[in-house]
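One structure is given below, encoded as structure tokens.
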Amino acid sequence: MARKSSPPEGQETVDAPEAQAYRFEPAQIEDLLLNSEILGGELVPQGSNYTFAVRMAAENFQFWGIYKPANGERPLWDFPYGTLHFRERCSFLVSHHLGWHLVPPTVIREGPHGEGSMQLCVPYDGKSNYFTLRAEECPELVLLAAFDIMVNNTDRKGGHCFKSEDGRVWGIDHGLTFHAEPKLRTVIWDYAGVSLPEAQLNDVKKLETSLRDSDSSLRREMDELLEPDEVDIFLERVVRFRKNPCLPTPEEYRRLHWRFE
């Protein structure tokens with residue numbers, strides 16, 4: 001997406017991956033996303049829900065965020081209306097808690113169209129996707145597949161993961177996650193039978209420990225944003241994957257996402 005706006009006099013523009021990977025810690029970026037002024041934005045034409053790329057102003061620089069207002073969500077028969085932005089936030093929390101950093105920092109805040117999720121915009125060349133990453137044999141794809149299994153992602157299209165300009169692999173668009181019923185839909189099946197490396201399995205064990213602790217910050221926030229059964233069954237999926245950390249094969253045709261782009 002073209003970025004044509006220029007910062008006001010005295011401000012510098014900071015590209016999103018630079019802000020995330022080189023200048024700030026995730027907690028600092030969350031604070032920027034929560035408190036920076038929204039200067040304006042443009043509607044992202046792709047997608048079934050309203051999504052805006054917004055220019056945000058911090059104290060001495062500007063950056064881009066992806067704003068998804070709850071009021072712009074299209075009603076779905078299987079997900080409660082007005083909850084997709086909560087699921088975006090929870091996906092970031094899980095990725096961050098695992099230490100895998102696959103999901104850009106994401107917060108819940110008020111915007112021009114009401115409450116919604118605000119995610120750090122990570123620029124890339126527009127050509128990178130799952131299939132180019134697969135051709136490059138990116139090891140992060142195994143982690144992304146494991147992540148999708150645990151969060152029950154029903155919307156992993158090929159374009160929902162990419163490599164940013166700084167060489168990091170990211171996953172985006174996690175509004176359709178954490179359903180209590182099995183709904184995994186993904187294009188990532190090339191790693192079926194691959195086991196999660198021991199180091200990352202330890203990360204899953206730590207995630208399980210935090211989810212079992214009702215006083216942990218992760219469990220408290222997920223309890224606030226999701227339904228009780230969704231959190232409980234999420235924990236069950238984490239435990240099941242921890243006990244058998246092998247990426248599964250598609251059980252039926254519906255496990256294959258019908259859109260590959």
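Here are some notes:
- Within segment 24-61, tally of residues that are more than 18 Å from the chain's Cα centre (by Cα) and either modelled with pLDDT of 90 or more or more than 17 Å from T106 (Cα to Cα) (or both): 16
- Residue in segment 213-234 that is at pLDDT below 95 and either over 28 Å from S128 (Cα atoms) or surrounded by 14 or more Cβ atoms within 10 Å (Cβ to Cβ) (or both) present: no
- Here V122 fulfils each of the conditions (1) more than 14 Å from the chain's Cα centre (by Cα); (2) buried (at least 17 other Cβ atoms within 10 Å of the Cβ) apart from (1).
- Condition check for G175: among the small types (G, A, S) and over 22 Å from H97 (Cβ atoms): no
- Condition met for I188 (of a type in the set (V, I, T) and in a loop (DSSP other than H, G, I, E, B)): yes
- Number of positions in segment 235-261 that are modelled with pLDDT of 95 or more and not acidic (D, E): 12
The values are calculated or read from the model by the stated rules, or taken from the named source; none is laboratory data. Given the structure is predicted, the values throughout are model-derived calculations rather than measurements. Using ideal geometry, Cβ is built from the backbone for each residue, glycine included, and neighbour counts are taken over all protein chains shown.
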